[in-house]
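The values are calculated or read from the model by the stated rules, or taken from the named source; none is laboratory data. Quick caveat, the model's predicted, so the values are computed rather than measured. Note that each Cβ is placed from the backbone with ideal geometry, even for glycine, and that neighbours are counted across all protein chains shown.
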Amino acid sequence: MRRVDLSDAECPIARGAGELGDWWSLLILRDALDGIRRFDEFAADLPISPAMLTRRLRTLVDSGLLERRRYSEHPQRFEYVLTPRGRAAQVVVVALLAWGNDQLPPQERAVVLADRDTGREVEPVLVDAVTGTPLKDIRLAAVPGPAASEAMLDRFTTLNARRARRRRDRGAA
């Protein structure tokens, strides 16, 4: 199945999902953030076919999340190193880890985050940069931004009308 190109999508969630949205890419990024760099290391850590791993690594390189660097001439070998853009994706991987530990735990959490320097367990929380308030404590709403197109403005007008209709229907019930 061919992937749909969402790189020009106006919605940032659609663009982000287009870059990171398949599970193999997320797991490869997780491994790269954990220090894995070489094809054979990724292959040993993931239950993925070599052909699929090759495709996903190529996609991550093409999208600027990983850089392919030669580490051996004879035989010719490459490693895959996170770019600054790839390192910035850590927030997405950490958010998935936190959500998975909170909402999909087995009997006990198998993976937690720790401060590399102190070893202290870290509990990731997304916060508002201005107030420091955890996002889970804020009633959030997506609204059109300054660059919203007419189509995006129309989408929000439709969403707002739908929400108002639901509130009205709940009030009448």
- Message: Checking Leu104 against (1) touching a Leu at 6+ places or on another chain (Cβ under 8 Å); (2) over 30 Å from Phe156 (Cβ atoms), only one condition comes out false. Which one?
- Response: (1)
- Members of region 143-173 found to be of a type in the set (Gly, Ala, Ser) and within 16 Å of Ala9 (Cα to Cα), listed by number: Gly145, Ala147, Ala148, Ser149, Ala151
- Of residues in region 10-24 being within 23 Å of Leu57 (Cβ to Cβ) and touching a residue at least 40 places away in the same chain (Cβ under 8 Å), the one surrounded by the fewest Cβ atoms within 10 Å (Cβ to Cβ): Gly16
- Message: For region 112-165, give me each residue that is among the acidic types (Asp, Glu) and either in contact with a Ser or Thr (Cβ under 6 Å, 6 or more places away or on another chain) or more than 18 Å from Ala95 (Cα to Cα) (or both).
- Response: Asp117, Glu150, Asp154
- Message: Name the single residue that is surrounded by the most Cβ atoms within 10 Å (Cβ to Cβ) among those in region 61-87 being in contact with a Leu (Cβ under 9 Å, 6 or more places away or on another chain), without any contact (Cβ under 8 Å) to a residue 40 or more places away in the chain and closer than 13 Å to Glu19 by Cβ.
- Response: Leu66
- Message: Name the single residue that is surrounded by the fewest Cβ atoms within 10 Å (Cβ to Cβ) among those in region 43-59 being in a helix (DSSP H, G or I), among the aliphatic types (A, V, I, L, M) and in contact with a helix residue (DSSP H, G or I) (Cβ under 8 Å, 6 or more places away or on another chain).
- Response: Met52
- Message: Let me spell it out: the conditions are (1) exposed (fewer than 13 other Cβ atoms within 10 Å of the Cβ); (2) charged (D, E, K, R); (3) within 18 Å of the chain's Cα centre (by Cα), and Asp154 meets all of them except one. Which number is the exception?
- Response: (3)
- Message: With the structure loaded, tell me whether Ala148 is in a loop (DSSP other than H, G, I, E, B), surrounded by 10 or more Cβ atoms within 10 Å (Cβ to Cβ), touching a residue at least 60 places away in the same chain (Cβ under 8 Å) and of a type in the set (Gly, Ala, Ser) or whether it fails that test.
- Response: yes
- Note on the structure: Expected single match for out of contact with any Pro (no Cβ under 8 Å at 6 or more places or on another chain), over 29 Å from Pro124 (Cα atoms) and basic (Lys, Arg) among Arg56, Arg87, Arg68, Arg37 is Arg68
- Query: With respect to Gly86, is the statement that it is modelled with pLDDT under 95, under 15 Å from the mean Cα position of the chain (by Cα) and either of a type in the set (Phe, Trp, Tyr) or under 30 Å from Met152 (Cβ atoms) (or both) true?
  - Reply: no
